[in-house]
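Single-structure report; data block below.
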């Protein structure tokens, strides 16, 4: 499985100085497929890099004249779950760079197989925009199959959201640094244990989100019943919209309207900050029915993402595949 580059192109590990070019590359890919681009930030790139060995797990592909033509990463999330990500600039497509990037990431991913738990199934995931037929063809040719679909959903806030009605006994407060870090982590891990593909995450990796310069604790909402965290909505202001990074309700508090209340509270807080659009990402086949909740709140699908997988080693899948009652 050779990762052959076109004549004159080269590959190396990315450097901090490459970040502006990487962001421009990602935006160009979105615009080519959708006519609009996500406002990725330097913090987003650095957050990704915090999970990998930059010298071995990431690549930039360079043109003969020194421009950045493609970018890719591979991350080991543990429990046999690996994920690759790749972008090729539209002006450099059709030259084999996409295939080279897919092969580079797979070759590195295979180095992680030995570290996976014994008898665990090891899979390499790779996501792409549904509209990107060329990328889909590359992945299928390289042995990937479609595993899941994800949606970006959004809402336009033309007026203040409706007043929030909280379930009886529930109050809401904001995140307190140093006090809530681990309790929120535990609540999120419990809530997301019902999500397809979920694997436990180390606290040390997860808590890095609270160390980002763009983290705002006043936009991290905790629904409380007494001293118990019943649900959370962890939000942020991105350059182009308000964003709900995480919305989760623990099992004992479901089917009481808490998810909708948290969502509307998030809309209201972001509206008060001047945001007139709010978005989030969701599993299109959510085991907990999250898509129905978001639609009920007025959100609509704005982007469709296909999640492809390639099995690198057969075995028992350690990620969540179905609800366990």
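The values are calculated or read from the model by the stated rules, or taken from the named source; none is laboratory data. All values reported here derive from a predicted model rather than from experimental measurement. Note that we place each Cβ from the backbone using ideal geometry, even for glycine, and neighbour counts take in every protein chain shown.
Structural remarks
- Against the criterion of being buried (at least 19 other Cβ atoms within 10 Å of the Cβ), outside any helix (DSSP H, G or I) and under 18 Å from the mean Cα position of the chain (by Cα), residue 83 qualifies.
- Annotation note: of 104, 82, the sole residue that is in contact with a helix residue (DSSP H, G or I) (Cβ under 6 Å, 6 or more places away or on another chain), touching a residue at least 24 places away in the same chain (Cβ under 8 Å) and farther than 20 Å from residue 30 by Cβ is 82.
- When 187, 230 are checked against the criterion of being assigned to a helix (DSSP H, G or I) and touching a strand residue (DSSP E or B) at 6+ places or on another chain (Cβ under 9 Å), 187 stands alone in meeting it.
- Only one entry of 166, 196 meets the criterion of being under 20 Å from residue 268 (Cα atoms) and surrounded by 15 or more Cβ atoms within 10 Å (Cβ to Cβ), and that entry is 166.
- The residue list 292, 264, 304 contains one member that is outside any helix (DSSP H, G or I) and on the phi < 0 side of the Ramachandran plot, which is 304.
- Restricting 4, 36, 73 to residues that are touching a helix residue (DSSP H, G or I) at 6+ places or on another chain (Cβ under 7 Å), surrounded by fewer than 16 Cβ atoms within 10 Å (Cβ to Cβ) and either free of Cβ contacts under 8 Å to residues at least 40 places away in the same chain or in a strand (DSSP E or B) (or both) narrows the list to 36.
- Test: residue in segment 47-61 that is buried (at least 17 other Cβ atoms within 10 Å of the Cβ) and either out of contact with any strand residue (DSSP E or B) (no Cβ under 9 Å at 6 or more places or on another chain) or in a loop (DSSP other than H, G, I, E, B) (or both): no
So that you can scan it fast, the table gives a plain yes or no per residue for (1) more than 23 Å from residue 99 (Cβ to Cβ); (2) over 21 Å from the mean Cα position of the chain (by Cα):
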{"residue": "29", "(1), (2)": "no, no"}
{"residue": "39", "(1), (2)": "yes, no"}
{"residue": "49", "(1), (2)": "yes, no"}
{"residue": "66", "(1), (2)": "no, yes"}
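- Taken across segment 162-180, residues that are within 30 Å of residue 275 (Cβ to Cβ), in contact with a helix residue (DSSP H, G or I) (Cβ under 7 Å, 6 or more places away or on another chain), outside any loop (DSSP other than H, G, I, E, B) and modelled with pLDDT of 95 or more do occur, with at least one present.
- Subset of segment 247-259 that is closer than 18 Å to residue 163 by Cβ and more than 22 Å from the chain's Cα centre (by Cα) - its residue that is surrounded by the most Cβ atoms within 10 Å (Cβ to Cβ): 258
- Residue in segment 222-237 that is surrounded by fewer than 17 Cβ atoms within 10 Å (Cβ to Cβ), within 28 Å of residue 27 (Cβ to Cβ) and in contact (Cβ under 8 Å) with a residue 40 or more places away in the chain present: no
- Only one entry in 259, 274 is without any contact (Cβ under 8 Å) to a residue 40 or more places away in the chain and on the phi > 0 side of the Ramachandran plot, namely 274.
- Any hit, segment 268-276, residues being closer than 30 Å to residue 81 by Cα and buried (at least 16 other Cβ atoms within 10 Å of the Cβ): no
- Filtered residues of segment 20-33 (kept if free of Cβ contacts under 8 Å to residues at least 40 places away in the same chain and crowded, with 18+ Cβ neighbours inside 10 Å): 23
- Restricting segment 108-119 to residues that are within 23 Å of the chain's Cα centre (by Cα) and in contact (Cβ under 8 Å) with a residue 60 or more places away in the chain, the residue that is surrounded by the most Cβ atoms within 10 Å (Cβ to Cβ) is 109.
- Condition check for residue 21: part of a helix (DSSP H, G or I) and modelled with pLDDT under 90: no
- One residue from 224, 241 being under 24 Å from residue 304 (Cα atoms), out of contact with any helix residue (DSSP H, G or I) (no Cβ under 8 Å at 6 or more places or on another chain) and not assigned by TED's automatic domain parsing to the domain that holds residue 45: 241
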